[in-house]
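Since the structure comes first, as structure tokens, the remarks are kept for the end.
The values are calculated or read from the model by the stated rules, or taken from the named source; none is laboratory data. Every value quoted in this text rests on a predicted model; they were computed, and no experiment measured them. Positions of Cβ are generated from backbone atoms using ideal geometry, with glycine treated the same way; all protein chains shown enter the neighbour counts.
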Amino acid sequence: MTNTVQVYRVYIKATPQAVWDAITKPEWTQRYGYTGLVDFDLKPGGKHRTRPTQAFIDAGMTGDLVDGEVLEVDPPRKLVLTWKLLMAPEDIAAEPYTTLTYEIEESKTAGTRLTVTHDLTGAPTTAAMVSGAMERLDAPPNENAGGGWAWILSDLKSLLETGETIVPAP
């Protein structure tokens, strides 16, 4: 059983603006986590989507990977949106859109605090995926898609602090 609301927090040695850019700009999002090219219409009611990188296209995934609607935007402090994983198994397709909140706060003692809150009400399969419950530690890097938000945020932190991701690009 996974939690309906999952909260993840990471402290990053970077400015709030750098963290915001890494979340909202495709030149950053294609470099960490599961990769993908984000498009945001950064206004309430605006659409967002994540398009496939060439690696996804080469693997046969040519459609959008994620989509939703922007609910609230306050750069570089807060972004709230609906969120649905489109590149997942069919059982996720039947689940509703979930709500994803990014809160970015400057800390005088610890860089920038990024808190990701994901309300997964009514979406148990999505909740299991993003919690990391499906992670396979023995899988090769290109076959392990189960680390969820903890893995994505760890990779984001590594990229912003060192210029390198946890799993090097092929």
Please verify whether residue 122 is exposed (fewer than 15 other Cβ atoms within 10 Å of the Cβ), touching a residue at least 12 places away in the same chain (Cβ under 8 Å), among the small types (Gly, Ala, Ser) and in contact with a Leu (Cβ under 8 Å, 6 or more places away or on another chain), treating the condition exactly as stated.
no
Failed condition for residue 94, given (1) loosely packed, with under 13 Cβ neighbours inside 10 Å; (2) within 24 Å of residue 133 (Cα to Cα); (3) in contact with a strand residue (DSSP E or B) (Cβ under 7 Å, 6 or more places away or on another chain), with all others met?
(3)
Go through (1) modelled with pLDDT of 95 or more; (2) within 14 Å of the chain's Cα centre (by Cα) one by one and return the number of the condition residue 36 breaks.
(1)
It is to be established whether one or more residues within region 9-16 are loosely packed, with under 13 Cβ neighbours inside 10 Å, under 17 Å from residue 152 (Cβ atoms) and touching a Ser or Thr at 6+ places or on another chain (Cβ under 9 Å).
yes
Yes or no: residue 31 under 26 Å from residue 112 (Cα atoms), among the charged types (D, E, K, R) and surrounded by fewer than 17 Cβ atoms within 10 Å (Cβ to Cβ)?
no
Taking the stated definitions as given, is residue 80 surrounded by 15 or more Cβ atoms within 10 Å (Cβ to Cβ), touching a Lys or Arg at 6+ places or on another chain (Cβ under 7 Å), β-branched (Val, Ile, Thr) and more than 18 Å from residue 11 (Cβ to Cβ)?
no
